[in-house]
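Asks: Could you have a look at this structure, given as structure tokens, before my questions?
The values are calculated or read from the model by the stated rules, or taken from the named source; none is laboratory data. Only a predicted model underlies this, so the values are computations on that prediction, with no experimental measurement involved. FYI the Cβ positions are ideal-geometry reconstructions off the backbone, even for glycines, and counts take in every protein chain you see.
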Amino acid sequence: MEKGLFPLLFLLLLMVLSVCAIDVEYSQCNCDEEGLGLWSIQNVLVCQKMSDFFIAIAYFSIPIELLYFVSCSNVPFKLVFLQFIAFIVLCGLTHLLNAYTYYGPHSFQLFLSLTVAKFLTALVSCATAITFPTLIPFLLKIKVRELFLRRNVLELGQEVGMMKKQKEASWHVRMLTCEIRKSLDKHTILYTTLVELSKALDLHNCAVWMPDDGRREMHLTHELKPSSERSCRNSIPVSDLDVLDIKKSKGVWILRPDSALGAASSGGGSGDSGAMAAIRIPILHVSNFKGGTPEMVETSYGVLVLVLPNSNSRAWTCHEMEIVEVVADQVAVALSHASVLEESHLMSQKLAEQNLACNRLKRMQ
């Protein structure tokens with residue numbers, strides 16, 4: 001916008017001068033006439049003389065500023081700066097001498113000084129014009145290097161931001177691990193997992209699916225944002241392809257956009273959900289005791305589904321998937337401990353009941 005103001009001001013100045021010339025009936029320039037007021041030859045010469053003086057003052061002040069800049073900074077191409085300084089000084093000297101040539105007869109010394117000043121100005125200006133093109137490739141390299149450094153700074157800033165996010169996520173994982181280990185209740189463990197994972201990874205929704213007793217269906221047992229839609233499914237067959245793939249995979253499994261498991265875990269708002277991932281959670285069960293030794297049954301798996309917000313640039317990163325794997329392992333251990341403790345309590349209650357029954361039989365005998 002500022003660049004466009006200068007041509008506009010210049011055009012306005014020309015228009016004002018044209019109007020003034022028309023007002024004084026200046027059909028053609030005849031500087032020998034008298035009584036033309038503002039446009040008399042005397043006023044024109046005074047204006048030119050003052051302009052030359054001000055130009056000379058500006059030309060003498062600019063080199064001082066350039067010299068100060070060159071002396072205070074370690075800039076390259078100092079020879080070019082010195083050539084520019086000499087060129088500007090000689091231009092100022094030419095204007096200063098030219099200001100004394102507007103009135104009366106002039107001495108030979110003045111014309112000789114003006115001629116020498118113009119000759120030196122021509123030499124220095126030609127030398128500067130020849131030297132400057134040789135520096136253009138170096139200046140372009142400096143510009144390219146500057147752009148490269150800016151890009152590196154931008155990438156470094158992004159990496160620092162990612163490191164901060166990873167550090168914050170790691171802190172949430174440590175807090176989650178501590179909270180999980182404090183509780184031996186399954187519901188508390190799972191709900192804490194959903195809340196802390198949502199904070200750490202900025203999730204849209206996350207849900208836990210557990211198998212039923214017959215291991216034929218997976219039921220939605222815990223969800224961070226329960227769906228308000230009645231059409232949302234709360235059970236998925238165990239034979240579902242995504243469920244089978246998740247159980248076979250030891251790491252994080254990225255769900256397809258048309259996945260039934262992902263659609264049922266999106267919180268009812270499919271338009272707000274983005275990329276979805278899932279991971280299996282091993283669950284330890286102790287069926288009964290034989291000879292004082294627990295008999296391990298076939299391992300069953302729960303499924304933890306995580307849904308990112310709907311963003312075109314948001315996708316699952318390796319660091320986020322590593323966090324999910326670590327959390328899934330911690331949850332599996334905590335759930336196994338809770339399950340073993342729960343079944344141990346049940347077994348203790350059964351043994352206590354059997355002991356009471358035996359004591360009653362003994363008393364009856």
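Asks: Residues to consider are L120, L97, L135, L114; find the one that is among the hydrophobic types (A, V, I, L, M, F, W, C), surrounded by 13 or more Cβ atoms within 10 Å (Cβ to Cβ) and modelled with pLDDT of 85 or more.
Replies: It is L120.
Asks: Let me ask another. From I85, I41, I64, which residue is of a type in the set (A, V, I, L, M, F, W, C), out of contact with any Phe, Trp or Tyr (no Cβ under 9 Å at 6 or more places or on another chain) and touching a residue at least 12 places away in the same chain (Cβ under 8 Å)? Give the derivation first.
Replies: Numbers: I41 fails: touching a residue at least 12 places away in the same chain (Cβ under 8 Å); I64 fails: touching a residue at least 12 places away in the same chain (Cβ under 8 Å).
Just one listed residue meets the conditions, I85.
Asks: Condition check: assigned by TED's automatic domain parsing to the domain that holds L194, at pLDDT 80 or above and not hydrophobic (A, V, I, L, M, F, W, C). Does D272 satisfy that? Before you say what the answer is, go through the steps one by one.
Replies: Details: assigned by TED's automatic domain parsing to the domain that holds L194: yes; at pLDDT 80 or above: no; not hydrophobic (A, V, I, L, M, F, W, C): yes.
The answer is no for D272.
Asks: For region 149-268, which helices (runs of 4 or more DSSP H) that fit wholly inside it have 3 or more residues that are in contact (Cβ under 8 Å) with a residue 60 or more places away in the chain?
Replies: Details: elements: 186-201, 241-248, 260-264.
Result: 186-201.
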